Amino acid sequence: MADSVNHLVVSRLAVERCQNYVAHLHALMYLCEPPDLGLDSVLSGSARQLIGALSSELTLIGHALRLPENAPQRGEMHLRKKAG
């Protein structure tokens, strides 16, 4: 079970990292000069739509990667007992 929990935690961290990348791209669309990274209105609209779709998909994946009820929570570590 510990390995599956580790995989879930690593997967969730990867999803959170990708969400940060998407948020960064979204901010660049607004903050950079020229506005919308110099894209025409059709391309900038498509880029915004793509960023929104990626954000939604990552949110759904993040919700699907929930830890089991009895898994240790963040900051909580269980030590393994030595055999013998």
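The values are calculated or read from the model by the stated rules, or taken from the named source; none is laboratory data. Being a predicted model, the structure only gives us computed values, none of them experimental. All Cβ positions, even for glycine, are placed from backbone atoms using ideal geometry, and neighbour counts span all protein chains on display. All accessible areas refer to the heavy atoms of the entire protein, side chains included, with ligands and DNA or RNA removed. Shrake-Rupley method; radii C 1.70, N 1.55, O 1.52, S 1.80 Å.
For segment 11-61, the carbon plus sulfur part of the accessible surface works out to 65%, probe radius 1.4 Å. Between Val10 and Arg66, the modelled labels are 2.4 nm apart [label points 7 Å from Cα along Cα→Cβ].
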